[in-house]
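One structure below.
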């Protein structure tokens, strides 16, 4: 009798254990799935879909996953409202939101509601507090679109349409063709145009102005494209000019398709390398780096930045007339033996700003 007694209790505890395991089964974050599979999982569970970047260096994604594990309140919001999937948005067929954003990269995360309409598009390294705020806001019915944190009912896409249309995620040519049809569909065009123009009204930054100008150029509306490109260029600051070289050129081409950057100030150097040869350790060496204005308007050097405190630069701040030359004087302070390879960037009002060059040499004992 003593040997038989434990078995009913053992069966009882095993049953409790199995039930506990089943009760503790929690929705996992989907990994290594296609966008199609993630959308289907959201549809099957009658939940929205929260798409996280699958990039291993996504800092916000790591914050999200840590908070999901350690913060029960945050986890409850997620599990009640969303299926979560980490997606490699660079795979063929999975870049649709990047296409909608008119950008070459995918945002940090995007959220679709239960009707599979886009509710949020957030890019960049946001804080943990902001991430919690966005997730709670989306669960409550708000919309957040990057740049203005848009909070109305305007949407840019219906993901279910794309899921149903894009049957072959491995066929890039077919995918590109589908993207072209989606972003040229009249209803999408109208919705996206409204979204962009609302962005500009609420936040008339250079970024929003140039984004809207590019969109209208893409749609063939040259009048509105020139209008927004002109406004974008009118508010240029020195910092904006330094950070948006290619965008500035594109805006000028929208305004005037015959625009030629050689008619502007144009900085030219015979070589992209300044050689100083062999120098002694603990010595200071001056190296001239000549430049020429090959454009048709005066060139003004604004700043020269180097990647090391061991290299300094001086330059003439006077305007360099078309066809004239000047010299950027580099000073290198040797503080260790070995080969030298230092990068410098020359910032100016040139159409091809900035000019990058390399200082090379060798430090001997």
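Every number here is computed from the coordinates shown, using simple stated rules; none is lab data. Here the structure is a predicted model, which means the values were calculated and not measured. Glycine also receives a Cβ, built like all others from the backbone with ideal geometry; neighbour counts cover every protein chain displayed.
A few comments on the model shown:
- Taking 0.36 nm per residue of separation and subtracting the current Cα-Cα distance, fully stretching the chain between residue 263 and residue 245 would add 4.9 nm.
- Each of residue 321 and residue 219 was given a label point 7 Å from its Cα along the Cα-to-Cβ line. The distance between the two points is 4.8 nm.
- Sorting 63, 248 from the fewest to the most surrounding beta carbons within 10 angstrom yields 63, 248.
- Ordered by the count of other Cβ atoms within 10 Å of each Cβ, fewest first, 259, 289 give 259, 289.
- Cα-projected label distance for residue 115 with residue 272, points at 7 Å along beta-carbon direction, nm: 5.1 nm
- Average Cα contact separation per residue, the stretch 267-364, under 8 Å, 6 or more apart, as relative contact order %: 38 percent
- Inter-label distance, residue 303 to residue 331: 2.0 nm, where each label sits 7 Å from its Cα along the C-beta direction.
- Neighbour-count ranking [beta-carbon atoms within 10 angstrom, fewest first] of 83, 60: 60, 83
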